[in-house]
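The values are calculated or read from the model by the stated rules, or taken from the named source; none is laboratory data. Treat the numbers as computed from the prediction; the structure is a model and nothing was measured. Positions of Cβ are backbone-derived with ideal geometry, glycine not excepted, and every protein chain shown enters the neighbour counts. Calculation scope for accessible area: heavy atoms of the full protein, side chains included, ligands and nucleic acids excluded. Shrake-Rupley method; radii C 1.70, N 1.55, O 1.52, S 1.80 Å.
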Amino acid sequence: MNILRAAVLAIGLGLSAPATAQPAPSLASSAEAGWTSNVEGTADGGADFYITHTHSLGITTGEGDFALRGTIIFEDTRYGELWRENDWAASATLEAETRLGADTALRGSLLISYGEEGQSLATLAGPLGIVQPNLAALARLRAETALGDAIAGADFAYAAQRPGNARFEANLLPPARTEAVTDTLTAGLDLAYPLSPTAALAARAQYSAVLVSSDEQAAFVRFPLSIARLATGFDLSDGAQSSATLRAGIDLLIPEDTSIDSLLTPYAEFASELAVNEILTLATTLEAATDTEDPADGLADWRLKARGSILLTPAPQWALEAAGFAKQIHSPALDLLIETEHGAELIARWMPAGGLHLEALARYRRVEGLAPTYDETRIGLRISAAI
């Protein structure tokens, strides 16, 4: 579950619309019930039925050039027999946007989330349940202004991870923290220059610092580092349903520990959507980037993710999507492949009304790497509604 990422997406909705003095609420809910062959995601993981439900409430208000939006999201997953794997998360977000002039905009956001993830640890006496709580916060500030025909942007972000003490089933062990406390500061500058009504060039420079105290380093083998990123790319759009976006460059990893050499890793983000006709749409995404959220080597992972899909819409109320995906996790510092994953999914959608969606899904994935290989098959039914 990554409710922090889901909340970041949620707070960006609706603020580009003209502000209104009357609060405009929005409510969305979804529920999914199904079966998975591997709840734990391990070589000996067990099968079980599950139910996941997600709910969000958003309110947008403002007047003139000022807009304000607040969003609350709650997500919960429950299993039948393997209840130790249950988890839940909740988040609250606030985003504001205003115009400082005809060509200048300022946006800021604050997101706070809390969740508890259940895990099952195999012991000689049987499974032992562990609940891992985590508190996270993300604050962002961004300014954009016009420089002739170009758009220049500057942004700053602060992210904090505050894992709590893990609780063990029946208090067999005293509560203890198992993850490091980290703070991440990020600052960036970017520029987009239009070449035509349908094409633009883009460039970005970004610097991030992952801060870890000396006590946390010693206790959890987590290392502080800085990451400098330089990237360039383009944006293409036909103004209708087809578009392509590319950012490519390099990440320079600079560990605080001088005994670890600096490292260069490739960076790329690509997304495309091609509407072949009214029925067929092709979509592709690719991401290759440094990831410091939970590195396997305590420093940083390099992750490669790719997804390609075919979407068929034979009628306005019906859609069928088939997709293939792959992922790879690599340790640049150790020059070691940690994990690879590949799979496919099929989703059938029925949209009988504007905000009501019914979906049937089937998914298969295979994970290989340093840990023993495992497979997972998942089937489910999902209903979602929004007003």
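Regarding Asn171, is this residue open to solvent by 50 Å² or more (accessible area, probe 1.4 Å), out of contact with any Leu (no Cβ under 9 Å at 6 or more places or on another chain) and in contact (Cβ under 8 Å) with a residue 24 or more places away in the chain?
It is false that Asn171 is open to solvent by 50 Å² or more (accessible area, probe 1.4 Å), out of contact with any Leu (no Cβ under 9 Å at 6 or more places or on another chain) and in contact (Cβ under 8 Å) with a residue 24 or more places away in the chain.
Out of the residues in the stretch 51-64 meeting the condition of being surrounded by 15 or more Cβ atoms within 10 Å (Cβ to Cβ) and farther than 14 Å from Ser30 by Cα, tell me which one is farthest from the chain's Cα centre (by Cα).
Gly62
Quick one: in the stretch 138-159, of everything that is open to solvent by 40 Å² or more (accessible area, probe 1.4 Å), at pLDDT 95 or above and among the charged types (D, E, K, R), which residue is farthest from Ala203 (Cα to Cα)?
Among them, the one singled out is Arg140.
For every residue, the table says whether it meets (1) assigned to a strand (DSSP E or B); (2) touching a residue at least 40 places away in the same chain (Cβ under 8 Å).
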{"site": "Arg204", "(1), (2)": "yes, yes"}
{"site": "Ala218", "(1), (2)": "no, no"}
{"site": "Leu246", "(1), (2)": "yes, no"}
{"site": "Glu273", "(1), (2)": "yes, no"}
{"site": "Thr281", "(1), (2)": "yes, yes"}
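Which of the residues belonging to the stretch 71-95 are buried (at least 18 other Cβ atoms within 10 Å of the Cβ) and either touching a Leu at 6+ places or on another chain (Cβ under 6 Å) or within 20 Å of Ala139 (Cβ to Cβ) (or both)?
Scanning the stretch 71-95 gives Thr71, Ile73, Ala89, Ser91, Thr93, Glu95.
Considering only residues of the stretch 97-108 that are open to solvent by 30 Å² or more (accessible area, probe 1.4 Å) and in contact with a Leu (Cβ under 8 Å, 6 or more places away or on another chain), which is modelled with the lowest pLDDT?
Among those residues, the one meeting the criterion is Leu100.
Residues in the stretch 338-349: is at least one crowded, with 18+ Cβ neighbours inside 10 Å and either hydroxyl-bearing (Ser, Thr, Tyr) or over 21 Å from Thr52 (Cβ atoms) (or both)?
yes
For the stretch 221-238, give me each residue that is of a type outside the set (D, E, K, R), within 24 Å of the chain's Cα centre (by Cα) and not in a strand (DSSP E or B).
Across the stretch 221-238, the qualifying residues are Phe223, Pro224.
Would you please name the residue that is surrounded by the most Cβ atoms within 10 Å (Cβ to Cβ), looking only at residues in the stretch 230-244 that are touching a strand residue (DSSP E or B) at 6+ places or on another chain (Cβ under 8 Å) and touching a residue at least 40 places away in the same chain (Cβ under 8 Å)?
Asp235
Only one of Leu111, Leu135 is open to solvent by less than 20 Å² (accessible area, probe 1.4 Å), modelled with pLDDT of 95 or more and among the hydrophobic types (A, V, I, L, M, F, W, C). Can you tell me which?
Answer to the selection: Leu111.
Being loosely packed, with under 14 Cβ neighbours inside 10 Å and touching a strand residue (DSSP E or B) at 6+ places or on another chain (Cβ under 9 Å), is that true of even one residue in the stretch 213-226?
no
Just to be sure before I move on: is Ser214 more than 24 Å from Leu274 (Cβ to Cβ), among the hydroxyl-bearing types (Ser, Thr, Tyr) and within 25 Å of the chain's Cα centre (by Cα) in the structure I sent?
no
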